[in-house]
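The values are calculated or read from the model by the stated rules, or taken from the named source; none is laboratory data. Everything numeric in this text was worked out from a predicted model, so none of it was measured. Here the Cβ positions follow ideal geometry from the backbone for every residue, glycine too, while neighbour counts run over all protein chains shown. For accessibility, only protein heavy atoms count, side chains too; no ligands or nucleic acids. Shrake-Rupley method; radii C 1.70, N 1.55, O 1.52, S 1.80 Å.
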Amino acid sequence: MSHSSSVGVSSKIDVFGIGEHEIKVVKVADDATTPKSLLIFTPLEAGEFPVLVLLHGFCLYNSFYSQLSHHIASHGFILVVPQLREPWNMEQLHLCTGSDATEEIEDVVAISNWLPEGLQKFLPSGVHADLKKLGLAGHNKGGKEAFAIALNKFHTKLNLKFSALIGIDPVDGTEVGKQTQPKILTYVPHSFNLGMPVMVIGSGLGEIKRNPLFPACAPKGVSHEEFYKECRKPACYFVVKDYGHLDVLDDETKGIVGKFANCMCKNGKSREPMRRFVGGAVVAFLKAYFEGDFGYLMTIKDEANGLVVLQKVDFQL
């Protein structure tokens, strides 16, 4: 596959910066008409835009991904970011902290099935969702759930087809042999039959404990490295040195949950560079597989120079 024809065009746009589209954020309540509460990040300019469903991490709020979501949406994408579980709802605390992700996975399937009829009424006039270009991304436990859906580990019928998968520091348990249900990792290279292109992004500090009291947030053996090993082509892999597992979140994460997020993981000096890299990598990946422009993706290592240091880059094309 040749990608050289797109490189010149791609160099005109900084995928690591905010794009040209003005963005509106729509808060959708969890009621009888929607499966879960949602944040929708949509361009205001009239047009048809691909859709990305972004799943939050373990016991976090979807609002903590607002800066990342705004970045991606500003390049011409509609993001749907559900709140799968309320972190400190005592009635659901066992679902947030427990070892079974099955119910959350079923919720994502329900949200996906809602999109064709439900999404349009929350979009600005003239804005339309192109559900033939539908991506699925997830961070931390949300990354594991995204892979589970791509591997058909659910019971409800899925009416739409996802056509791109992104794991942002995905995590499948606390250590090898202690995976959350349903188990995703098989420890067999290239065993994932995903049927779609996949990108895995890892954090260099994710497997390092912040202190003796807390486990590593992305433990070696159940995180990004193993997920990528089990992917089949087409796939790409980036590991960002000197940044931590939660450095993709907003600069400020408020409340008890936000303070908890600030002290659990080994972090970089600031969140902005890691978050900008992840946003840019997602944009580059989606432009490659939704628009056929591989220039952004193939030059991402060079373009990221000065923003972050990449300790690992790999492509299976």
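Considering only Ala29, Ala281, Tyr243, and ranking their Cα positions along the charge dipole of the chain that arises from unit charges at the beta-carbon of Lys, Arg, Asp and Glu, the one farthest toward the positive end is Tyr243. Within the chain, DSSP assigns beta bridges of which about 40% are antiparallel (rounded to the nearest 5).
For the stretch 94-180, trypsin sites (Lys or Arg not before Pro) are listed when DSSP marks them as loop and at most 13 other Cβ atoms sit within 10 Å of their Cβ; the list is Lys157, Lys161. Relative contact order of the chain: 19 percent, from C-alpha pairs under 8 Å at least 6 residues apart in sequence. Once you have a ≥ b ≥ c as the square roots of the Cα gyration tensor eigenvalues for the stretch 170-243, tell me rounded if a/c is under 1.5, and otherwise prolate or oblate according to whether a/b is larger than b/c. Since a/c reaches 1.5 but b/c is at least a/b, the shape of the stretch 170-243 is classed as oblate. Pick from Ser223, Ser125, Ser203: which residue has the top mean-square fluctuation in a GNM of the chain where Cα pairs under 10 Å get a spring? Among Ser223, Ser125, Ser203, the largest GNM mean-square fluctuation belongs to Ser125. How would you classify the chain from its alpha-carbon gyration tensor, with a ≥ b ≥ c the square roots of the eigenvalues: rounded for a/c under 1.5, else prolate if a/b is greater than b/c, otherwise oblate? Judged from the Cα gyration tensor, the chain comes out rounded (a/c under 1.5). Expressed as a whole percent, the accessible area of the stretch 233-317 that falls on carbon and sulfur atoms is 46 (1.4 Å probe). The distance separating the Cα centre of the stretch 179-204 from that of the stretch 269-316 comes to 20 Å. Dividing the summed helix terms, -39500 (n - 2.57) for each DSSP H run of n ≥ 4, by the number of residues in the chain produces a 222 nm estimate of -8000 deg cm²/dmol to the nearest 500. Dividing the mean sequence gap of close Cα pairs (under 8 Å, 6+ apart) by how many residues the stretch 119-266 holds gives a relative contact order of 22 percent.
Taking 28 Å as the limit for the C-alpha separation, the pairs Lys36/Lys220; Lys24/Lys157; Lys287/Lys312 exceed it in the case of Lys36/Lys220; Lys24/Lys157. When only the Cβ of Lys, Arg, Asp and Glu is charged (+1, +1, -1, -1), the dipole of the chain relative to its Cα centre reaches about 540 debye.
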